[in-house]
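The values are calculated or read from the model by the stated rules, or taken from the named source; none is laboratory data. Source: prediction; values computed, not measured. Reconstructed Cβ throughout: ideal geometry from the backbone, glycine too, with neighbour counts over all protein chains shown. The area values use the complete protein model at the heavy-atom level, side chains included, leaving out ligands, DNA and RNA. Shrake-Rupley method; radii C 1.70, N 1.55, O 1.52, S 1.80 Å.
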Amino acid sequence: MSVQSGLAVDGILDGVDNGTQGRPSLPVVGMVDPAHPPSRRAPLRWAVGGVVPWLLLAAGQVVWIALDERMLWLHTVAAVLTVLGAAISIAVVPLWRYRVHRWEIGPQAVYTRTGWLIQERRIAPISRVQTVDTYRGPLDRLFGLANVTVTTASSAGALYIVGLDVPVADHLVAQLTDIAAIGAEDAT
């Protein structure tokens, strides 16, 4: 085995400048993607929430064509784009979000994966959890869903776990509160 700086750790060379400043670099072990998906009702809630702005735009287009019948081609293009946007918001975005959104509570950290176009993976140590909140908007209540916000002592902001069944959200909040309280007893 070739060793550049005279130190090798399990086949990982220390001589490569990888930001470790002379310390051996070790592989990260045990990092897996979060496993728990949102509720199965979440895509329907996201579809309904996503189509509302498109319906408002369509209503505006109806008023526009009633007041100004010139340039029929422009009205047609606007209508086609509105229907296309609404179809994507109903059929594609909710299912894609459901495939991506995941969460996990481990013994030492809260893991989330969110987004649909831009995806973000966040890991927050339990010791950094400050508050745990739930919120339910009108559509969430209609579909029996809740969202959990985990505020941490991080400049990156809170972690959001969205589209959970209400009992799951309540259990999650209780679990995080208990874990954070145990960690607070150990805090200095």
Which percent of Cα-Cα pairs in the range 110-168 sits in each 5 Å bin, short to long? 4, 18, 25, 22, 19, 10, 2
For the range 132-142, Karplus-derived ³J(HN,Hα) couplings (6.51, -1.76, 1.60; θ = phi - 60°; whole Hz; x for glycine and proline) come out as 10, 10, 10, 9, 9, x, x, 5, 4, 5, 4
For the range 37-188, diffusion coefficient by Stokes-Einstein and Kirkwood Rh (Cα), 25 °C, 0.890 mPa s, µm²/s: 139 µm²/s
At 0.36 nm per residue, and after removing the present C-alpha to C-alpha distance, how many nm does the segment from Val48 to Arg99 gain when stretched out fully? 16.6 nm
Per principal axis, descending, Cα span of the range 44-117 in whole Å: 64, 16, 16
Just reorder Ile90, Ile161 by solvent-accessible area, largest first, 1.4 Å probe, all chains present. Ile90, Ile161
Which of the listed residues, Ser155, Phe143, Trp116, is farthest toward the dipole's positive end in the range 69-188, when Lys, Arg count +1 and Asp, Glu count -1 at the beta-carbon? Trp116
Mean separation of Cα contacts under 8 Å, 6 or more apart, over the residue count of the range 32-188: relative contact order %: 23 percent
Where the range 21-142 is the region considered: accessible area per residue in Å², 1.4 Å probe: 68 Å²
Once both label points are put 7 Å beyond Cα along the C-beta direction, the Trp116-Ile88 separation in nm becomes 1.1 nm
Could you give the size of the charge dipole of the range 74-173 about its Cα centre, using +1 on the Cβ of each K and R and -1 on the Cβ of each D and E, expressed in debye and rounded to the nearest 20? 220 debye
